[in-house]
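Encoded as structure tokens, the structure appears first; notes follow it.
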Amino acid sequence: MVFDLDMIKKLYAAIPGRIAKARKVVNKPLTLSEKILYSHLHSDQKLEAFGRGKSYVDFAPDRVAMQDATAQMALLQFMSAGRAKVAVPSTVHCDHLIVAKVGAKDDLVNANSESKEVFDFLSSVSNKYGLGFWKPGAGIIHQVVLENYAFPGGMMIGTDSHTVNAGGLGMVAIGVGGADAVDVMAGMPWELKFPKLIGVKLTGKLNGWTSAKDVILKVAGILTVKGGTGAIVEYFGEGATSMSCTGKGTICNMGAEIGATTSTFGYDNSMERYLIATGRAEVAKMANKVKEHLTADPEVYKNPEQYFDQVIEINLSELEPHLNGPFTPDLATPISKVKEEAAKNGWPLKVEVGLIGSCTNSSYEDISRAASLAKQVANKGLKTKAMFTITPGSEQVRYTIERDGFIDTFNKIGAKVFANACGPCIGMWARVGADRKEKNTIVHSFNRNFQSRNDGNPNTYAFVASPELVTALAIAGDLGFNPLTDTLINEQGQQVKLDPPTGDELPKKGFDVKDPGYQGPAKDGSKIEVKIDPGSDRLQALEPFKPWEGKDLARLRLLIKAKGKCTTDHISMAGKWLKYRGHLDNISNNLLIGATNFFNEAINSVRNGLTGQYDEVPKVQRAYKAAGIGSIVVGDENYGEGSSREHAAMEPRHLGVRAILVKSFARIHETNLKKQGMLALTFANKADYDKIREDDIFDVKGLTTFSPEKPLTIVIHHSDGKIEEITANHTYNKNQIEWFKAGSALNAMGKSRPKPGVAKPKAAKPVAKAKPAAKKKAVKKAKPAKKAAKKKVVKKAAKKAVKKVAKKAAKKKKK
Ligand code: MIC
Ligand code: SF4
């Protein structure tokens, strides 16, 4: 089944004209990223030469993708939007809620019973509102999207940071929080600060042990986890065109680990081959006709320095396989240096488990290359030393690799094949013995290796590498093994060397699948009732957050001064907590339980300012909430790195934290905080972080005149009577300040109203106090809904709401 043909056809028909207009205004040759961005401006967005890293721009993405763990919150919010159907093609993918334990079959049965309520909820919401639904077992969102929906020149957003994977097929695909997805699904413009552009020129050609994964491992080492923040990374050059489309997907996927807004590649033969192999020859045909618009203008790649804000060059012919980690994906070590580094840093050398697959690396090419190594185990009389697991990215890949004998090959080395799902990548791994918290090493082909992420054990040293290298290291059972130079001793006592991996970019016999696991939506969803059991501990209907009280914030307590890395995994842990993603109050019990307290270096132990006692973070925050006291969280660099999960913003909001004050933010998290009505602030002077003491009390001043580019003041009351004032910067634009004032973006857009067709314990309060910004903005937001109403897709409620928003705004303007 080919999805979205009409939509793609329309876009391709419009692209040449849109790009020509943009080129005129920008007045210079365009990069691919600019072409895609400029051809996806929202109809109400004025075309101008936008300032990179400066202008806030309204876009109209072509589609939305959501995975089960984030879709719950996104769809709970969407249900408040009063729409009868999603405005753009959207899908839900059940992949995060499956625990990897015994093996694919049993694990899936377990997940289907344990998370039945959530899957049923997602399935019926999808059915009602017109979303495509991919059942548990169908595959991991990004692989399924690449196989079915991604197309060159398109723009999509997804409620998962690795949505960027679709850049492998020439898209601009961006990870966002659920509230952003709601905007697009409701037909509203989607706002993004126009990104900066980083160009990566790939020369030479991949060969031997080196694979596409090593490109991004190297880039991560160069740019670090925050080097891509606010930027799109565009890859080009002979090295780019000579690699496979799925290899490009891997590179784009892990662009999330350098904080990049997204990454992308120009349309080329590898993409055409992939489209054809995945049953989309028609899309390839259409793309071929507008080819020159699906890559940068030739001048750009000839003189990249003139068109990109930063250019990096990597020679693939010389690139060494890399191993990144532990605990951070940007600690890049070439394989030839690993032994030395391990000895220096005390990394355990014995590899306990090698894990391949995930959304990052489970293409046919990856699996076939890894299998070529597994085959050598028997052929060379070796024995695999470490445990070995595979999580295929989709049922299509799994079915095809089984047909082609690779699963059999892996089984022969004692591998365990888990369900087509996230599993160990996101801590959904019932790893035997992890609770003993022993120091140990694992290697995987996933993308993230933050502390505790895979198995919940903070002492697991996780390293990221290509599937090929992971397989070789699992066979050797030794982190210091360099397959390029070292030999292994086989069962007969002989020294043998592994041959470099070989494989097929695409299956010779084509892809095949029996049941891809897709469920299309009902034609008329109006009669479908979405039920939320009021007694459920998995799902909870959302109550709108309270609007801002109209004055400066006073007497805030310090909840935690987080030390060092504080990713979304530290703020809202995954693993066993994933099951509460649809229940805000329950998931709030994991707030910041992974963060390190600066003052005692302990995890999940902070001082309760009311009692002086140390307790768990959520408990202390609940005590402040019960006492009606607001609080503040202080953090280090790149706070909120990692996931798109908006729970990391909603939980503190729900529990009464008022401001997050850090040295710097990761992009998605900063937006999520703003969307949920929180104050996301940065130290104007980073050294002020050192001024914060454990028992400080804070005032936030300047909120009554809160405006773009005008810093706020934080008054710190130390317990010794000393008072200090520091400056806090912010990046709120006018519209975002309205979100803060209204209590959340959802409130500000007048979306929170009783939920049509939803059985819920208490009706949500209408947001009487929501103040839409200026008339212009409100009408702008309302317009698409008006259009939809004409098409009779929006019910009366939506029409009424549109009028209400416009009327209120008009009234406000008169005042
Ligand atoms: C991840 O890789 O961290 C996740 C789990 O896919 C997240 C989404 C989530 O937390 O649900 C992401 O990357 O956005
Ligand atoms: Fe799933 Fe891991 Fe990919 Fe996130 S990075 S979508 S958890 S496989």
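Using just its DSSP H runs of length 4 or more, each adding -39500 (n - 2.57), the chain gives a mean residue ellipticity at 222 nm of -9500 deg cm²/dmol after division by all residues.
How many angstrom separate the Cα center of region 583-644 from the Cα center of region 138-165? Region 583-644 and region 138-165 have Cα centres separated by 34 Å. Heavy-atom accessible area for Leu712, with the other protein chains in place and a 1.4 Å probe, reaches approximately 0 Å². In order along region 86-92, the phi-based Karplus estimate (6.51 cos²θ - 1.76 cosθ + 1.60, θ = phi - 60°) of 3J(HN,Hα) comes to 6, 7, 10, x, 9, 9, 10 Hz; Gly and Pro are listed as x. Within region 308-407, none of the chymotrypsin sites (Phe, Trp or Tyr not before Pro) combine a DSSP coil assignment with at most 14 other C-beta atoms in a 10 angstrom radius.
Rounded if a/c is under 1.5, else prolate if a/b beats b/c, else oblate: with a ≥ b ≥ c from the C-alpha gyration tensor eigenvalues square-rooted, which is region 550-630? Because a/c hits 1.5 or more and a/b fails to exceed b/c, region 550-630 counts as oblate. For Ala100, the residues 5 or more places off, or on other chains, whose built amide H falls under 5 Å of its own are Trp429, Ala430.
Relative to the present Cα-Cα distance, how much length would full extension add between Arg273 and Ala14 at 0.36 nm per residue of separation?
Full extension from Arg273 to Ala14 adds 90.8 nm.
Label positions at Glu282 and Asn411, each projected 7 Å from the Cα along the C-beta direction, are separated by 3.8 nm. Out of region 36-137, which GluC sites (Glu not before Pro) are coil in DSSP terms and have no more than 15 other C-beta atoms within 10 Å? Those that pass, being in a loop and sparsely packed, are Glu48. Estimated from the Cβ-Cβ distance and a Förster radius of 22 angstrom, the FRET efficiency linking Asn345 and Thr485 is about 0.55.
Structural descriptor for region 66-206: relative contact order 28 percent, calculated from alpha carbon pairs under 8 angstrom and at least 6 residues apart.
What pairs in Lys218/Lys674; Lys337/Lys385; Lys101/Lys344; Lys135/Lys350; Lys218/Lys380 have C-alpha atoms more than 27 Å from each other? Write down the numbers at each step before the final one.
Values: Lys218/Lys674 33 Å; Lys337/Lys385 22 Å; Lys101/Lys344 34 Å; Lys135/Lys350 38 Å; Lys218/Lys380 31 Å.
Those over the limit are Lys218/Lys674; Lys101/Lys344; Lys135/Lys350; Lys218/Lys380.
Between the listed residues Leu488, His669, Leu169, the Cα displaced farthest toward the positive end of the dipole of the chain, a dipole computed from Cβ unit charges relative to the Cα centre, is found at His669. A Cβ-based charge dipole, computed about the Cα centre of the chain with Lys and Arg at +1 and Asp and Glu at -1, lands at about 5160 debye. Fully extending the segment from Lys24 to Thr704 would add 240.6 nm, taking 0.36 nm per residue of separation and subtracting the current Cα-Cα distance. Spatially, region 268-343 and region 672-724 are offset by 41 Å when compared through their Cα centroids.
Are there trypsin sites (Lys or Arg not before Pro) in region 125-231 that DSSP marks as loop and that have at most 16 other Cβ atoms within 10 Å, and which are they?
In loop regions of region 125-231 (DSSP not H, G, I, E or B), the sparsely surrounded trypsin sites (Lys or Arg not before Pro) are Lys205.
Classify region 594-707 from the C-alpha gyration tensor, please: rounded if a/c falls under 1.5, else prolate or oblate depending on whether a/b exceeds b/c. Rounded, because the longest to shortest axis ratio a/c is under 1.5. For the peptides 684-696, 246-258, the ranking by packing is 246-258, 684-696, with the highest mean count of neighbouring Cβ atoms within 10 Å listed first. Converting phi to 3J(HN,Hα) with the Karplus coefficients 6.51, -1.76 and 1.60 and the offset θ = phi - 60°, region 582-593 yields x, 10, 4, 5, 5, 5, 5, 6, 10, 4, 6, 6 Hz in sequence order, with x at every glycine or proline. Entry note, the chain: relative contact order of 13 percent, from Cα contacts under 8 Å with a spacing of 6+ residues.
Could you tell me the distance between the Cα centroids of region 466-508 and region 404-461, to the nearest Å? Centre-to-centre (Cα) distance: 19 Å. Cross-linked pairs Lys285/Lys509; Lys226/Lys741; Lys46/Lys546; Lys686/Lys710: Cα-Cα separations exceed 25 Å for Lys226/Lys741; Lys46/Lys546. With R₀ set to 41 Å, the beta-carbon distance separating Asn589 from Leu5 gives a calculated FRET efficiency near 0.35. In percent, rounded to a whole number, the relative contact order of region 56-102 is 56, using alpha-carbon pairs under 8 Å and six or more apart.
Nearest 0.05, what FRET efficiency do Thr727 and Ala49 give at R0 = 35 Å with Cβ-Cβ as r?
Details: r = 32 Å, r/R0 = 0.90.
Computed FRET efficiency for Thr727 and Ala49: 0.65.
Distant-in-sequence amide contacts of Tyr614, defined by a placed amide H-H separation under 5 Å and a gap of 5 or more residues or a different chain, comprise Asn608.
Ranking Val219, Val26 by solvent-accessible area of protein heavy atoms (1.4 Å probe, all protein chains present), from largest to smallest, gives Val26, Val219. Remark: spin-label model distance Lys734-Ile222 equals 4.0 nm, labels positioned 7 Å along the Cα→Cβ axis.
Once fully extended, how much extra length lies between His718 and Ser242, figured as 0.36 nm per residue of separation less the alpha-carbon to alpha-carbon distance?
On the way: separation 476, 0.36 × 476 = 171.36 nm, distance 6.05 nm.
Roughly 165.3 nm would be gained on extension.
Packing order of peptides 231-239, 389-397, highest average first: 389-397, 231-239 (average count of other Cβ atoms within 10 Å over each peptide's residues). Label positions at Asn459 and Asp309, each projected 7 Å from the Cα along the C-beta direction, are separated by 4.3 nm.
The values are calculated or read from the model by the stated rules, or taken from the named source; none is laboratory data. Computed from a predicted model, the values in this text were never measured in an experiment. When we count neighbours, we look across all protein chains shown, and the Cβ atoms used for this are built from the backbone with ideal geometry, even at glycine. Ligands, DNA and RNA are excluded from the accessible area calculation, which covers all protein heavy atoms including side chains. Shrake-Rupley method; radii C 1.70, N 1.55, O 1.52, S 1.80 Å.
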